[in-house]
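Enquirer: A single structure is presented below for examination.
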Amino acid sequence: MRMLLIVWGVPLHPLLFVALLAAVAVAAGGVVSLARPERGRLVAACGLAGFLVLWFPWLISVVPEHNIIPSPLSYLAVAGYLFVAAFASFYPTRSWPSVSAFVLVVLAGIATLGLSYRQRERMGEYDRPSIACFRWDPRPSDTLVIARDPFGCIDEQAKSTLTTANLHGTLSWCGGSTRETAQRVLVVAQARPPEDSRIFYPRSGLLVYAFDGKAWTKIPAQAETYALYSTFQSSGSDTMICSDDFSGGRTCTACLQWR
């Protein structure tokens with residue numbers, strides 16, 4: 001189905017041709033096995049070996065991601081491959097090489113799932129914070145004023161953190177992805193942030209990123225962060241805050257308004 005994208009000028013990945021040849025080999029093996037099971041199994045085994053270049057990405061696609069529900073077809077593809085591989089390994093007779101190959105595939109699949117999950121966990125995929133964005137007017141210069149905060153993002157703890165860091169002026173909520181989470185990020189900006197700015201996610205508690213129009217200030221400066229981060233993207237007179245998914249997608253939310 002993905003190869004049909006060539007109609008719209010999308011270049012085809014070489015692995016798609018490998019998958020096509022592997023599918024033809026598996027189908028041919030099924031036909032040949034009706035008359036000569038051993039030879040049919042050998043042909044199918046070659047096709048199934050070629051399918052491994054796609055099966056492992058299928059496995060990785062079903063590893064949990066933040067706010068993403070995999071398609072049921074992904075699970076069906078993973079289970080279907082194992083079913084066909086088991087059939088080719090044990091029919092019409094079992095042999096030491098065929099059983100060993102099947103066991104190795106299963107073990108490699110379990111290892112791939114475990115390592116992928118562990119990597120995402122370490123990067124902070126399952127600990128993404130709530131992000132609240134505020135326009136920052138430097139006036140007044142001697143006190144901190146919360147002009148607009150409809151969701152109560154700046155509680156007493158957050159206000160104390162900002163005051164301790166000598167952040168003065170007027171803050172007005174503009175957007176973000178506010179929800180109940182243990183980790184929180186406050187983005188306060190006086191001007192449009194550079195699009196290559198990176199807002200790394202905190203490992204615990206509250207983290208503030210303040211942009212005065214020239215440079216970013218991280219509050220508290222020594223706070224530990226994950227490897228995952230959000231960036232910014234201009235959208236007309238507004239600024240969006242965006243995060244990339246492991247599956248290749250990109251999610252953007254309204255953050256700062258400049259009109």
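Any read-out appearing in this document is the output of simple, stated calculations on the displayed coordinates, not a laboratory observation. All values reported here derive from a predicted model rather than from experimental measurement. Backbone-built Cβ (ideal geometry, glycine too); neighbour counts: all protein chains shown.
Enquirer: Rounded, prolate or oblate, given the Cα gyration tensor of the stretch 203-244, with a/c below 1.5 counting as rounded?
Expert: oblate
Enquirer: Continuing with the same structure: Just rank 151, 56, fewest to most, by other beta-carbon atoms within 10 angstrom.
Expert: The fewest-first ordering by Cβ neighbours comes to 151, 56.
Enquirer: In whole angstrom, how long is each semi-axis of the equivalent ellipsoid of the stretch 127-257, when you take the square root of 5 times every eigenvalue of its Cα gyration tensor and sort them from largest down?
Expert: Here the semi-axes work out to 22, 17, 13 Å.
Enquirer: Got a sec? How would 258, 8, 136 order by Cβ neighbour count within 10 Å, fewest to most?
Expert: Lowest count first: 8, 258, 136.
Enquirer: Ranking 120, 39, 203 by Cβ neighbours within 10 Å, fewest first, what do you get?
Expert: Least crowded to most crowded, the residues run 39, 203, 120.
Enquirer: So which cysteines in the chain don't have a second cysteine's C-beta under 4.7 Å from them?
Expert: If one checks each Cβ against the other cysteines of the chain, 46, 153, 174 turn up with nothing under 4.7 Å.
Enquirer: How long are the three semi-axes of the equivalent ellipsoid for the stretch 2-123, computed from the Cα gyration tensor as the root of 5 times each eigenvalue, in whole Å, largest first?
Expert: 28, 21, 11
Enquirer: Something else now. Viscosity 1.567 mPa s, temperature 4 °C: what is the translational diffusion coefficient of the chain from Stokes-Einstein with a Kirkwood Rh over Cα pairs, rounded to a whole number of µm²/s?
Expert: Value of D from the Cα-based Kirkwood radius: 59 µm²/s.
Enquirer: Could you compute the net charge surrounding residue 102? Neighbours are other residues with a C-beta less than 15 Å from the C-beta of residue 102; K and R count +1, D and E count -1.
Expert: +2
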